[in-house]
Amino acid sequence: MEIIKEDVFRRQIKSGLCGGYLFFGEEDYLKAHALRTAREALCPDPSFAFFNDMRIDAPDYSAQGLLDALMPLPIMSDQKLVSVTNLYLSSLKASELDDLCDALATLGEYDYNVLILCVPADGMDEGSLPKRPSALLKRLSQYLTPVRFESISPARLCSWAGKHFAHSGVQASGETCAFLVRYCGTSMYTLASEIEKLCAYVLSHGRQTVSEADIRHVCIPQINDDAFGLANAILDGKYDEALSALSVMKFRRVEPVVILGEVSRVCCDLLCVKLLLDEGHSQAEIASILKMNEYRLRIYAAAAAAKTRKRLERAIALCRNADTTVKGGSGYAAIENLICSLS
């Protein structure tokens, strides 16, 4: 089984895509960018996008719906794009996975399609890559080319941030970009949003160079530790403590979607740690498997040991439901409801 990386996929866009691709891995920002680039290459004429750019988001997904999207011929083009986004494969039943694979098996019959199945971070069991891919990843690779979107190193993030600033007509030194990554964290979605704010801020003040002082004044510091505390308070049923933690994040103007994303990730990480502990892995082994700092792993291991697998799984399901509500515009109320729902 061959797994390609996002840079290889980008080169394939230029040479021509064919068949199906499975987007998976930690960095959702790069998945969205790669999908957008593929869409621009395959569906350049917006007049025919209705026929040649078939989009299925997770709430509307069904295996039959996927087949219905694959069958029609492209209009005024040799190919069309079919994309399935935000599908949590880990939440599908065995029968639903069978139906999905049956639909994927028809790709050869409808070879005018390029199919991209985009799975969110933590949306499937990947196994222990690169040596031990999961059974699900092996199965899907029979029909789709796996494309892994790994987390970007801080050094590459600094370079990317500098180019992002320059694109908006703002200069930022390497030291300033490194400080931005340390201050705001390594999520590319978060960094892109903060860079956009910084550019607007410095340009509105008649300047073209961003400083560390600007970052401290405008940006929201990374909330990993706050999210860990909030998630633990929710899981432990400490509602007053959880609501208090949420009020602090409100005061700091942290967006609800960012809070929920971080809380969801903490819950998923805690579940992964618990499952690996239950399998008899040492903390050092778990830190290596999950690519987690050993100090943080010790904190997560202590928290995971005090929680049941059932409670963690229920919390993740509630986070998934709350995500839809937050994106529908309910804001902090969806998180407050999450805090009160895990009884």
Checklist outcome for this item: Note on the chain: alpha-carbon gyration tensor, axes a ≥ b ≥ c; rule is a/c under 1.5 for rounded, else prolate if a/b larger than b/c, else oblate; result oblate
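Can you tell me the relative contact order of region 195-343? Whole percent, Cα pairs under 8 Å, sequence separation 6 or more. Numbers along the way, then the final one.
Working: 127 pairs, mean separation 37.1, N = 149.
Taking the mean separation of contacting Cα pairs over the length of region 195-343, I get 25 percent.
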Checklist outcome for this item: Under the Karplus relation with 6.51, -1.76 and 1.60 and θ = phi - 60°, whole-Hz ³J(HN,Hα) for region 93-98, x at Gly and Pro, equal 6, 4, 5, 5, 5, 4
Item to check | Those lysines that a straight Cα-Cα span of less than 24 Å connects to LYS163, excepting residues fewer than 8 apart in one chain | outcome: LYS5, LYS14, LYS31, LYS197
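Roughly speaking, what is the stretch gain from GLU285 to LEU136, that is 0.36 nm per residue apart minus the C-alpha to C-alpha distance, in nm to one decimal? Before the final figure, lay out the partial values.
On the way: separation 149, 0.36 × 149 = 53.64 nm, distance 2.23 nm.
Residue separation times 0.36 nm, minus the Cα-Cα distance, leaves 51.4 nm.
What value, in deg cm²/dmol to 500, does the helix sum -39500 (n - 2.57) over DSSP H runs of n ≥ 4 give at 222 nm once divided by the residues of the chain? Present the calculation step by step, with values, prior to reporting the outcome.
Working: 17 runs with 198 residues, N = 343.
Taken over the chain, the calculation gives -18000 deg cm²/dmol.
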Next on the checklist: Under the rule of at least 5 residues apart or a separate chain, name every residue whose amide H is placed under 5 Å from the amide H of GLY19.
Outcome noted: LEU115
Checklist outcome for this item: Phi angles of region 21-34, converted by Karplus (6.51 cos²θ - 1.76 cosθ + 1.60, θ = phi - 60°) into ³J(HN,Hα) in whole Hz with x for Gly and Pro, give 9, 10, 8, 8, x, 7, 9, 5, 4, 5, 4, 4, 5, 5
Item to check | Residues listed by number, region 136-150, amide nitrogen under 12 Å from GLU2 label point at 7 Å toward C-beta | outcome: 145-146
Checklist entry - Quick one: length gained pulling TYR239 to ASP68 fully straight, 0.36 nm per residue minus the C-alpha distance? => result 57.0 nm
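Once fully extended, how much extra length lies between SER247 and ALA49, figured as 0.36 nm per residue of separation less the alpha-carbon to alpha-carbon distance?
Values: separation 198, 0.36 × 198 = 71.28 nm, distance 4.36 nm.
Full-extension gain reported as 66.9 nm.
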Next on the checklist: Which of rounded, prolate or oblate describes region 146-215 when judged by the alpha-carbon gyration tensor and an a/c cut-off of 1.5?
Outcome noted: prolate
Checklist entry - Isolated Cys in the chain by the 4.7 Å beta carbon test? => result CYS18, CYS43, CYS101, CYS118, CYS184, CYS199, CYS219, CYS267, CYS268, CYS272, CYS319, CYS340
Next on the checklist: Using amide H atoms built in the peptide plane, which far-off residues or other-chain residues are under 5 Å from GLN171 H to H?
Outcome noted: THR209, VAL210
Checklist entry - Between GLY127 and residues 5 or more places away or on another chain, which pairs have amide H atoms under 5 Å apart, with H built 1.01 Å from N, and which residues are they? => result SER134
Next on the checklist: Per residue of region 275-292, what does 6.51 cos²θ - 1.76 cosθ + 1.60 with θ = phi - 60° give for ³J(HN,Hα)? Whole Hz please, x for Gly and Pro, Karplus curve as stated.
Outcome noted: 4, 5, 4, 5, 7, x, 6, 6, 5, 5, 5, 5, 4, 5, 5, 8, 6, 10
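Values in this text are rule-based calculations from the coordinates and carry no lab data. Worth saying up front: this structure is predicted, and the values here are computed from it rather than measured. Glycine gets a Cβ as well: all are built from the backbone with ideal geometry, and neighbour counts include every protein chain shown.
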